[in-house]
Each structure stands twice: as C-alpha cells, then as structure tokens.
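Working notes, beginning with the structure itself.
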Amino acid sequence: MAGARLRPCYLFYGEDPFEAREFIEATRARLFAGKTAEFGVERYDLAETGWREIVDSARTTASLFADWRLIVVRVEAKRAKPEDEAAAGAATPGPARRGAVKGGQEILAEYLAAPSERTVLVIVLAGPAKKSHPLVKLLTPFADTAVEMEELRPLKDYQAGKWLQDRAARRGVRLEPAAIERLFEIAGYDKAVLAGELEKLSLYAGERRAVTADDIDRLAGWVKSFESYEIENGLLAADVRQTLVIIDRLFRDGHRPEEVVSKMTNVFRDLLMAKLRLREGAGRKEVFAELKPQINPAYIKVYRPVFDRLFALVDRLSFDDLRSLLGGLRRVDEKLKTSDSAPQALIERFVVEFGATAEKRGIISPRRRSGARLAG
C-alpha cells in the first residue's frame, strides 16, 4: 500500500495487524516529517466512539500546525458464535458482526463518496475478519475511487519463508535456508518479532550481507537469556510479584513489548500442548522432553523444579483456562499494535489476571507458600 499518491481511506482486516501498524507509522512520517511520534495522529476505537463523530473529525479542516489529518480507527472483529454463522451470510449481519457497521453504514458511505482531500482515514478491522465481513463489503464498492484494502493474514497461513526472504532483501540481507528455519524456531511466526530480529541481523551482518544459522544463534533476541528464563520461571511458579519485577527490568533494559508478549505466549502454548499430549496418553517425562529438550534430566536441580511447576499448572488449569489466557495475550498483542495504550501496563494487567486465575485453582507460588509457613 505504499503508493505515491495517498488514498482517502485504507482498510486493513485480519488477525495480524503488523502491516497496518507499519503503514500507519510510514504515513505519519510522510505527512508529519520531523514531528514527534504521535503528532497529527488521531486514534479512535469504534467500541467507544461512533462513526458520526469520527466522520465529523475527518471533515474538519487540519490545524494551523499541520496540513493533513491522519485518523486511525480500530474495529474489533468478534469471533462469531456457532449459532451466528448462518446469520453472517444473511442479508442482515449476525449479532457478532453487526457492531462494525451499526449506526454508521450510511454515514461512512456518505463520507467516502466525497472524502476530505486532506484526511487519511485508516481503519484497522482486527480479528477473524474475511471479505464477507459487513465492513469489508460496505467499503468494497469504493475500492476504485477512495478506498484501498488489504487482508492481514497470519504469517503461518501462507508462504512464511518467502515473506521473510522478501523483507530481508529489502534490507539488503540474504538469509540462508538453515537461517530461515532457525529464525522461525527461535522467534516463531510473529511478524513484529521477526522484523525486529531482521533489523538486528542486518546490522550484524555488515558488508558480507549473508546471514547463517550460527549468526542467529549468536545474536537473535530469543536465544535464552537470563531475563527470558526468569520470566518463564516466574510464570510457571505463578509468582506474580517476581514476574512483574522481571517485566519492569525487561522494559528498562529496552526489550520490545512484542517480544515480552511472544515469550509469555510460548509459555501458555507449552502448557496447552502438554495438556493435550497427556490426554492422548503420552507420559509426563516424554511430554517434558518434547517441550524442554534443552533441559537435561541429569541436572536434577534444574530439571525437577521446572518439571514440577509446569505440570502443577497443567494439572490444575483447565483447557478453558488456558484458551482464555492465550486469548488474553492475543488481545494484549492486538492493543499493542493498534492502540496507544501503555505497553507495560497492558502486560502487567495480564500477569495480575493470570495470578488471580491460578489462585482460584489452588496454585500458590513457592514464595507465598514459604511466607505462609513462616506466618504459621
């Protein structure tokens, strides 16, 4: 979407809003060169502000300090319930989808028929949205005149390797096949994390420009560091206080919010995978070896505490608990990428909520158990 001439409106829809965030930042830099990071950007959430107010703002003349307006609207695409799937294909949108256009269909369409010449409206429809979503269908007739649209697909759903190579090439870097596999193994399929690692690797490669798997092992941010080990250990111990201390240290040391969320997500994915494998009949030691191959059983002082804490959570947290926690992290990740909420506060709030869930299930951190024994 990096055309020479800006369109009045851009719609990004799908489950990975990384490209939307990049486009917003590139457009902000283009329209307000030399200004601070959020200068000229007006952000709205459709859950809090209606289309009437947003369109009125879009029509308002730019301020004395800027020639343009950049308006970003976040729309939550809720996952439809099974009973609503039939309604989604009907003439009237189902309850799970109706909110994106309710009370604003005519207002938004009227604006797009005669948009402001000095306003760029960026709509981010975040979540499980497809071309059949009412908001996408509403904007489609304007695709030839005022609107440009892009579907944001999760990286694992299509050619992940090609995406990574193309992005590396734009930075003048060539990734060897083994390096691509290693980078996915370490960083997963989160586009924001991968982009951050590519930026560091391009600087590290220098003039030789070729990146090997060994380069990634030496430099990539998700090789086990003391801090990342501690945050995983804190979550497995359900130690809210210690986890919050580590998160604060990570932020002060310059770690990116997306990296912290990605690492936390991996912990809960491991727990869910362990629970699934146990249900399939696999043994605990077998499951642990699959999830933590780097921990040698011979090192009992390391092996036993991690083993015990992991399965304490696996045994007490239900499938619904784990899916809810992963959903909470997904919402944190979406807000990091599409809103101006304080990143550290969002992550800390999730940790506190996890601690409350663990306590309800009778999971008490070693620190609290020790304190209780001393008090007794």
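Looking at residue 308, is it part of a helix (DSSP H, G or I), touching a residue at least 24 places away in the same chain (Cβ under 8 Å), acidic (Asp, Glu) and not assigned by TED's automatic domain parsing to the domain that holds residue 186? So that I can check it myself, show each step before the final result.
Working: part of a helix (DSSP H, G or I): yes; touching a residue at least 24 places away in the same chain (Cβ under 8 Å): no; acidic (Asp, Glu): yes; not assigned by TED's automatic domain parsing to the domain that holds residue 186: yes.
No: the conditions fail for residue 308.
Here's a check for you: in segment 256-284, which residue that is of a type in the set (D, E, K, R) and farther than 20 Å from residue 317 by Cβ is surrounded by the most Cβ atoms within 10 Å (Cβ to Cβ)?
Looking only at segment 256-284, we keep the residues that are of a type in the set (D, E, K, R), and these are 256, 258-259, 263, 269-270, 275, 277, 279-280, 284.
Subset that is farther than 20 Å from residue 317 by Cβ: 256, 258-259.
Details: 256: 17, 258: 21, 259: 19.
So the residue we want is 258.
Answer yes or no as to whether residue 238 is at pLDDT 85 or above, outside any helix (DSSP H, G or I) and of a type in the set (Gly, Ala, Ser).
Numbers: at pLDDT 85 or above: yes; outside any helix (DSSP H, G or I): yes; of a type in the set (Gly, Ala, Ser): yes.
Yes; evaluated as a whole, the condition is true for this residue.
So which pairs qualify, if the first residue must be in segment 323-343 and closer than 14 Å to residue 354 by Cα, the second must be assigned to a loop (DSSP other than H, G, I, E, B), the Cβ gap must be under 7 Å, and the two must be at least 6 apart or on different chains?
The qualifying pairs do not exist here.
For every residue, the table says whether it meets (1) modelled with pLDDT of 80 or more; (2) of a type in the set (Ser, Thr, Tyr).
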residue: 214; (1), (2): yes, no
residue: 225; (1), (2): no, yes
residue: 257; (1), (2): yes, no
residue: 266; (1), (2): yes, no
residue: 293; (1), (2): no, no
residue: 296; (1), (2): no, no
residue: 299; (1), (2): no, yes
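Do we find that residue 131 is within 22 Å of residue 18 (Cα to Cα), in the same structural domain as residue 43 (by TED's automatic domain parsing) and free of Cβ contacts under 8 Å to residues at least 60 places away in the same chain in this structure? Working first, answer last.
Details: within 22 Å of residue 18 (Cα to Cα): yes; in the same structural domain as residue 43 (by TED's automatic domain parsing): yes; free of Cβ contacts under 8 Å to residues at least 60 places away in the same chain: yes.
Yes.
Between residues in segment 207-231 that are of a type in the set (S, T, N, Q) and residues that are at pLDDT below 70, which pairs lie under 9 Å by C-beta distance while being six or more apart or on different chains?
Pairs that qualify, where the first residue is of a type in the set (S, T, N, Q) and the partner is at pLDDT below 70, are 228/221; 228/222.
Go through the residues of segment 332-345 one by one and say whether even a single one is touching a Ser or Thr at 6+ places or on another chain (Cβ under 6 Å) and at negative phi.
yes
Can you name the helices (runs of 4 or more DSSP H) wholly within segment 66-122 that have at least 1 residues being modelled with pLDDT of 50 or more?
Counting at least 1 such residues, we get 105-113.
Which residues, counting only those in segment 156-194, are assigned to a loop (DSSP other than H, G, I, E, B) and closer than 22 Å to residue 255 by Cβ? Spell out how you get there, then give the answer.
From segment 156-194, those assigned to a loop (DSSP other than H, G, I, E, B) are 158-159, 171-173, 176, 188-190; that's our starting set.
Hits for segment 156-194 are 171, 188, 189, 190.
The values are calculated or read from the model by the stated rules, or taken from the named source; none is laboratory data. Keep in mind that what you see is a predicted model, and the values were worked out from it rather than measured. So basically every Cβ, Gly included, is an ideal-geometry build from the backbone, and we count neighbours across all protein chains shown.
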